[in-house]
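The values are calculated or read from the model by the stated rules, or taken from the named source; none is laboratory data. Note that the coordinates shown come from a computational prediction; the quantities given were computed from them, not determined experimentally. For neighbour counting, all protein chains shown are included, and Cβ atoms are generated from backbone atoms with ideal geometry for every residue, glycine included.
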Amino acid sequence: MNANDLLLRNWDACHDKEDWYPPLADALNGLTAEQADWHPAGEHANTIRETVHHLIFYKERLLRRLTGEETAYLPGVTNDDTFAARPGEPEDWHAAAARLAEVHQAIRDRIAAWNEHDFERQLPGQRLPFGIWANSLALHDAYHTGQIILIRKLQGSWPSHRSFD
């Protein structure tokens, strides 16, 4: 297995292939807009919708770098800004969840087309190669998937028993 194959395996596991943890697609499956906007009482925590917007921001950023549309950080944008999302109509929530899946797949398609040297290709204006950046983003997804599942457990919308293969 080469580095690209391992990256694709991790990329798939973080989004839609069951591995040691539930994938993000399962964590979002069946979620209503009301559930996506729920906050635990008394504690500051991002909602699931806000977390999805955060994930979209960084995935779109990587995609723009892969396509050459972006070569540097956006000035004035902080990490906290990337969570900005306002509760809206149910269609807005479903559009955000669909956008996340779409951009994830667009990146996956590009990684699948890489040759053995593309993994080590440098990101414009950065010291990290594309492959390391993408692998870190997969780990980032896994981290936030755990948060989403915890929020769903707190609100009672996560099944108490899951079956998976």
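Residues LEU139, LEU150: which one is under 23 Å from THR32 (Cα atoms), of a type outside the set (Phe, Trp, Tyr) and either in contact with a helix residue (DSSP H, G or I) (Cβ under 9 Å, 6 or more places away or on another chain) or at pLDDT 85 or above (or both)?
Every option except LEU150 fails the conditions.
In the list LEU139, LEU154, which residue meets the criterion of being assigned to a helix (DSSP H, G or I), surrounded by 14 or more Cβ atoms within 10 Å (Cβ to Cβ) and not hydroxyl-bearing (Ser, Thr, Tyr)?
Residue meeting the stated conditions: LEU154.
Yes or no: region 12-23 includes at least one residue that is farther than 14 Å from ILE149 by Cα and among the basic types (Lys, Arg).
Yes, region 12-23 contains a residue that is farther than 14 Å from ILE149 by Cα and among the basic types (Lys, Arg).
Give me a count of the residues in region 123-136 that are surrounded by 12 or more Cβ atoms within 10 Å (Cβ to Cβ), farther than 29 Å from ILE48 by Cα and either touching a Leu at 6+ places or on another chain (Cβ under 9 Å) or of a type in the set (D, E, K, R) (or both).
2
Applying the selection to region 111-130, what residues are over 16 Å from the mean Cα position of the chain (by Cα) and in a helix (DSSP H, G or I)?
If the condition is that a residue be over 16 Å from the mean Cα position of the chain (by Cα) and in a helix (DSSP H, G or I), then ALA112, ASP118, PHE119, GLU120, PHE130 are the ones that fit.
For region 1-109, which fully contained helices (runs of 4 or more DSSP H) count at least 2 residues that are exposed (fewer than 15 other Cβ atoms within 10 Å of the Cβ)? Reasoning before the result, please.
Values: elements: 3-15, 24-28, 33-36, 48-66.
Correct list: 3-15.
Scan region 127-165 residue by residue and report those that are among the polar types (S, T, N, Q) and without any contact (Cβ under 8 Å) to a residue 60 or more places away in the chain. Full working, then the answer.
Going through region 127-165, the residues among the polar types (S, T, N, Q) turn out to be 135-136, 145, 147, 155, 157, 160, 163.
Those that are among the polar types (S, T, N, Q) and without any contact (Cβ under 8 Å) to a residue 60 or more places away in the chain: SER136, SER160, SER163.
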